[in-house]
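Here the structure is laid out as structure tokens; the discussion comes afterwards.
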Amino acid sequence: MKSLQKIAFGGGCHWCTEAVFQSLIGVSKVEQGFVASINENSDFSEAVIVHFNETLISLATLIEIHLYTHKSASNHSMRTKYRSAVYVFTEKQKEHTQSQLDLLQFQFHNKLITQVFSFSKFKASRSQIQNYYYSNPKKPFCESFINPKLQVLLSKFSKYTNQNKLKHLKDESREINYKEYQGS
């Protein structure tokens, strides 16, 4: 099996999702934009395509991180724009992803709403908003919405994080309890 893989995730704002996955060891590229599946899920929804080296970070770990860094157990009125999903490229990924979601359900009080969809199409965000967090970490949106998700990485998934990219948050991480943001 090839060690370089790709998978797509949707859940919340693609700026947030992009920053989370850009902060991980083993992720070589994150494409921010809009993903569509097929049939009733053929409308575009905010998402990212994550290119990763499975010898450094597993698909199972990426799925778990995804569940903890967006509202994976909360349905809301914006779910068509922010579909809680894992978009797969192969049947093997589909089977593995669904079994991981089933396996991880016990970690969440409410039922996970994250679904597994076949990847169909991708439309990149305009270049001015790509790499949003790492180009603008002091913007109020980044501090209010993205930093708490990155604090989850530092608190719960630190062995998978690129510590150099997140060193600006290290001191803050002692002050924030990641459970407060679980599933945000």
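The values are calculated or read from the model by the stated rules, or taken from the named source; none is laboratory data. From a predicted model like this one, the values you see are computed outputs, not experimental measurements. Cβ placement follows ideal geometry from the backbone for every residue including glycine, while neighbour counts extend to all protein chains displayed. Quick note on the areas: whole protein, heavy atoms, side chains included, nothing else; ligands and nucleic acids left out. Shrake-Rupley method; radii C 1.70, N 1.55, O 1.52, S 1.80 Å.
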Close pairs (9 angstrom Cβ cut-off, 6 or more residues apart or separate chains): closer than 15 Å to H70 by Cα and of a type in the set (A, V, I, L, M, F, W, C) in the range 155-184, in a helix (DSSP H, G or I) and at pLDDT 55 or above anywhere: F157/T61; F157/E64; F157/I65; F157/Y68
Leading residue by the ranking (modelled with the highest pLDDT) among those in the range 3-47 that are farther than 16 Å from S84 by Cβ and in contact with a Cys (Cβ under 9 Å, 6 or more places away or on another chain): A19
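Out of the residues in the range 18-34 that are among the aliphatic types (A, V, I, L, M) and under 24 Å from S74 (Cβ atoms), which is most open to solvent (accessible area, probe 1.4 Å)?
Of the range 18-34, the ones among the aliphatic types (A, V, I, L, M) are 19-20, 24-25, 27, 30.
So of that shortlist, the ones also under 24 Å from S74 (Cβ atoms) come out as 19-20, 24, 30.
Details: A19: 0, V20: 1, L24: 6, V30: 25 Å².
Residue satisfying both the conditions and the ranking: V30.
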Residue in the range 146-155 that is basic (K, R), closer than 21 Å to K29 by Cβ and assigned to a helix (DSSP H, G or I) present: yes
Members of the range 101-117 found to be of a type in the set (A, V, I, L, M) and more than 11 Å from A73 (Cα to Cα), listed by number: L101, L103, L104, V116
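Please go through the range 101-132 and pick out each residue that is outside any loop (DSSP other than H, G, I, E, B) and open to solvent by 70 Å² or more (accessible area, probe 1.4 Å). Please lay out each step first, then the result.
In the first step, residues of the range 101-132 are kept if they are outside any loop (DSSP other than H, G, I, E, B); the result is 101-107, 115-118, 121-124, 127-129, 132.
Within the range 101-132, D102, L103, F106, Q115, K121, K123, S127, Q128 meet the criteria.
Is one or more of the residues making up the range 10-17 in a helix (DSSP H, G or I) and open to solvent by 30 Å² or more (accessible area, probe 1.4 Å)? Walk me through how you get there before you give the answer.
Step one: filter the range 10-17 for residues in a helix (DSSP H, G or I), giving 14-17.
In the following step, the residues that additionally are open to solvent by 30 Å² or more (accessible area, probe 1.4 Å) were identified as 15.
Within the range 10-17, one or more residues are in a helix (DSSP H, G or I) and open to solvent by 30 Å² or more (accessible area, probe 1.4 Å).
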Condition broken by S77, with the remaining ones in (1) in contact (Cβ under 8 Å) with a residue 24 or more places away in the chain; (2) part of a loop (DSSP other than H, G, I, E, B) satisfied: (1)
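Quick one: is V86 in contact with a helix residue (DSSP H, G or I) (Cβ under 6 Å, 6 or more places away or on another chain), open to solvent by less than 10 Å² (accessible area, probe 1.4 Å) and over 25 Å from S135 (Cα atoms)? Break it down stepwise before answering.
On the way: in contact with a helix residue (DSSP H, G or I) (Cβ under 6 Å, 6 or more places away or on another chain): yes; open to solvent by less than 10 Å² (accessible area, probe 1.4 Å): yes; over 25 Å from S135 (Cα atoms): yes.
Yes, satisfied.
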